[in-house]
Amino acid sequence: MDFVIQLFTDPVGFYNQHELLVAQVGINAILAISLFVTFYSGQLTLANAAFMAIGAYTTVIMSLYLPTPLPLNMLVGALLAGLVGVVVGLPVLRLRGVFLAIATIGFVEALRLGVILNVPITGEGQGLHNPTAEPLAGIVPILISLPILAYLVWRLTRTRLGQAWSAIREDELAASSNGINVPLYKMIAFIIGAVIAGYAGALETHINFYIDPTEYGVARTIQILTFAVVGGTTNVFGPIVGAVFLTALPEIVRQFASYRDVVNGIILILVIIFRPQGIVGRGGLALIRPRWLTTWRSSREHPASAL
Amino acid sequence: MAQQLLNAIFIGSIYALFAVGYTLVFGVLDVLNLAHSAVFMLGAVITYSLVALHGVPFLPAALIAVVACGLLGLLIEFVALRPLRRRNAPPISALISTIGLALIFVAIVEQATPGTVFSWLWQDGANSVRFPSGAVPNPTYHVLGLTIEGTKLLILITSVVLMLVLGYVIRFTQLGRALRAVAENRRAATLLGIQVDRIFASTLFLSSALGGLAGLLFGLAISDIGPYIGRDQVELKGLAVIVLGGMGSIPGAVLGGYLLGLIEVLAFVRFGSNIEAGVAFAALFLMLVIRPQGLFGARLRERL
């Protein structure tokens, strides 16, 4: 509990002591936003770890071999992730539901095991040493980027584009019969998600001296998915809250730190069963209300719908 | 080369056995059970702990492990799947709740060291172990210049026999007919008086028992038992297998398993072990893009 108390009584001391944790929270929150964008348009795509890898490797390889400034390298990394997003999205986005999720998982592992581990410039299984890493200075861009990205994505969900995404999420057929270009809007969501994930990957290389190919596997994507689901995906703040909560949780309850995945798994199951809208549901923070109570009632009122 | 093909058949048998359980749940419940790989791992872990820590002979230990894995399947059904069906959640929700269970199962084994709560189940933490030598008789046969280990032969026979039995059950028994009816149309099956919830529970039991058996055979043949074998070795490859064969199709999963074993061995022989690891996912990705219904799925168009 000292951890939480210190956050409020001595924020500066807290920040100095836990800089890397703060940075990791920021990275995870940005990744959760990247997953949120596609989720918001009604698609479960799990390619985020692959786009992260593209952003990270591009940035580090450019700073190793080219004299270009770092911000440019990061920008190129993010844009390249978006470009790969276009190429992958074209065939993959025709799929729906579970099939889309599986195809994107396949992409993540094919990129990691098939490409990264076999191309000499990526350092193969050894990973790459990052010459420009500055763990402490690297935090600042993360802390600046997070609110800006959150604001931009929040504004985006309020525009016509965001409304189109909502419409597609609620009912794809109805959306397309109302003149919404479903493939186009899905593609836009996928590309934006890819660019944000690539950017997060580029940011992360800045706080680590080393990039390690094992970081960019399916486990990472599942972790990002957990943030988004636990936080809730009705608006952009849900995934951020989820990322902050789950990343900081092992620090808050130290006794359970080694059983972190047990705790995460239990939280994930409880949320998906009892509070599918996540911690940040409609109407802001709400107390957890057992869903079975309401379904039990409605099934007694309308027996036919229980089927 | 012939020896390599033999290896392809052995590893393919394990993939097939694992994927049959995976695809059975998908076909009947329309749900991707991502805890299946954790059950696979527990099949190996439970057998190992019975043999190595509690001194049970191998065959009874294997039997207990398979039943225990079936019971874990019921746990998956009651904890992660049934509550979601009650509120008509989309199938993606079940995918996420089974991920939650998989995280829990893996973390429990990974954190179990002597002196912890689960030390009766596992004592080696994140390390990988093998069955104590002599616990399982492993005669080696030499036929036509090929080396065949007894355990691998056992795997081949077990999986082929089990898959034939499963095929018989699904095709010709009352339970199998009920399974197919539910898979075809849940509502119509309910109207015909089939207890759908009971069928779902049986499906999960059957599927997880097969998954656990695949796990213990894997542990036996590859001599690699640890908390990550499910997640790292078969979870995603199992996905590739059922996609290759067509999601929900049992013959597809069997052939897909052998096909993947073959593809991997060929990739290994031709390009080396680095390419071998990625080839399953490239196949998975290409298959979904080119022919999402798989090699044998015909009626799956509407499910996409």
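What to note about this one:
- Just so you know, in the stretch B:47-65 the residues that are outside any loop (DSSP other than H, G, I, E, B) and without any contact (Cβ under 8 Å) to a residue 60 or more places away in the chain include one that is surrounded by the most Cβ atoms within 10 Å (Cβ to Cβ), and it is B:ALA61.
- Residue identified as in a helix (DSSP H, G or I), more than 8 Å from every other protein chain (Cβ to nearest Cβ) and surrounded by fewer than 21 Cβ atoms within 10 Å (Cβ to Cβ) among B:ALA16, B:ALA68: B:ALA68
- Yes/no for B:THR203 being closer than 24 Å to B:ARG82 by Cα and either touching a Cys at 6+ places or on another chain (Cβ under 7 Å) or among the hydroxyl-bearing types (Ser, Thr, Tyr) (or both): yes
- Residue list for the stretch B:185-210, filter: closer than 14 Å to B:PHE26 by Cα and in a helix (DSSP H, G or I): B:ARG186, B:ILE199, B:PHE200, B:ALA201, B:SER202, B:THR203, B:LEU204, B:PHE205, B:LEU206, B:SER207, B:SER208
- When the helices (runs of 4 or more DSSP H) confined to the stretch A:1-118 are screened for residues that are closer than 28 Å to A:ASN130 by Cα, those reaching at least 3 such residues are found at A:11-17, A:19-40, A:48-65, A:70-92, A:97-109.
- Scanning the stretch B:144-186 for residues that are surrounded by 18 or more Cβ atoms within 10 Å (Cβ to Cβ), polar (S, T, N, Q) and at pLDDT below 85 gives a single hit, B:THR151.
- Single match in B:PHE105, B:PHE26, B:PHE10 (criterion: touching a residue at least 40 places away in the same chain (Cβ under 8 Å), more than 14 Å from chain A (Cβ to nearest Cβ) and part of a helix (DSSP H, G or I)): B:PHE10
- Just one of the listed residues (A:GLY114, A:GLY106, A:GLY127) is surrounded by 17 or more Cβ atoms within 10 Å (Cβ to Cβ) and more than 14 Å from chain B (Cβ to nearest Cβ), namely A:GLY127.
- Annotation note: Cβ proximity below 6 Å between a residue of the stretch A:152-167 that is over 10 Å from A:TYR185 (Cα atoms) and a residue that is surrounded by fewer than 19 Cβ atoms within 10 Å (Cβ to Cβ) (sequence gap 6+ or interchain) occurs for A:ALA167/A:ILE180.
- A:ILE121 away from chain B (no Cβ under 13 Å) and either in a helix (DSSP H, G or I) or without any contact (Cβ under 8 Å) to a residue 24 or more places away in the chain (or both): yes
- The stretch A:171-222, residues that are polar (S, T, N, Q), free of Cβ contacts under 8 Å to residues at least 40 places away in the same chain and crowded, with 17+ Cβ neighbours inside 10 Å: none
- Selection from the stretch B:214-225 of residues that are crowded, with 23+ Cβ neighbours inside 10 Å and either out of contact with any Phe, Trp or Tyr (no Cβ under 9 Å at 6 or more places or on another chain) or more than 18 Å from B:TYR258 (Cβ to Cβ) (or both): B:GLY215, B:LEU216, B:LEU217, B:GLY219, B:LEU220, B:ILE225
- Qualifying position, being touching a Ser or Thr at 6+ places or on another chain (Cβ under 6 Å) and either of a type in the set (Gly, Ala, Ser) or outside any helix (DSSP H, G or I) (or both), among B:GLY238, B:GLY219, B:GLY230, B:GLY176: B:GLY230
- Residue match in the stretch A:243-265 (condition: away from chain B (no Cβ under 12 Å) and buried (at least 22 other Cβ atoms within 10 Å of the Cβ)): yes
- Residues located in the stretch B:262-304, provided they are at pLDDT 75 or above and among the polar types (S, T, N, Q): B:GLN293
- Qualifying residues in the stretch B:264-282 (those that are assigned to a helix (DSSP H, G or I) and out of contact with any helix residue (DSSP H, G or I) (no Cβ under 6 Å at 6 or more places or on another chain)) - the one nearest to the other protein chains (Cβ to nearest Cβ): B:ASN274
- Residue count for the stretch B:80-98, restricted to those that are at the interface with another protein chain (Cβ under 7 Å from one of its Cβ atoms) and either at pLDDT 85 or above or part of a loop (DSSP other than H, G, I, E, B) (or both): 9
- Counting only residues that are under 28 Å from A:VAL4 (Cα atoms) and among the polar types (S, T, N, Q), the stretch A:14-54 holds 5 of them.
For every residue, the table says whether it meets (1) touching a Cys at 6+ places or on another chain (Cβ under 6 Å); (2) closer than 24 Å to A:THR157 by Cβ; (3) of a type outside the set (Val, Ile, Thr).
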position	(1), (2), (3)
A:PHE39	no, yes, yes
A:PRO67	no, no, yes
A:VAL76	no, no, no
A:PRO91	no, no, yes
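- From A:ALA175, A:ALA101, residue being under 30 Å from B:MET247 (Cβ atoms) and away from chain B (no Cβ under 14 Å): A:ALA175
- Test result for B:GLY134, over 18 Å from B:LEU42 (Cα atoms) and loosely packed, with under 12 Cβ neighbours inside 10 Å: yes
- Answer from B:VAL243, B:VAL254 - the residue that is in contact with a helix residue (DSSP H, G or I) (Cβ under 9 Å, 6 or more places away or on another chain), aliphatic (A, V, I, L, M), more than 10 Å from chain A (Cβ to nearest Cβ) and part of a helix (DSSP H, G or I): B:VAL254
The values are calculated or read from the model by the stated rules, or taken from the named source; none is laboratory data. These figures come from a predicted structure and were not determined experimentally. Reconstructed Cβ throughout: ideal geometry from the backbone, glycine too, with neighbour counts over all protein chains shown.
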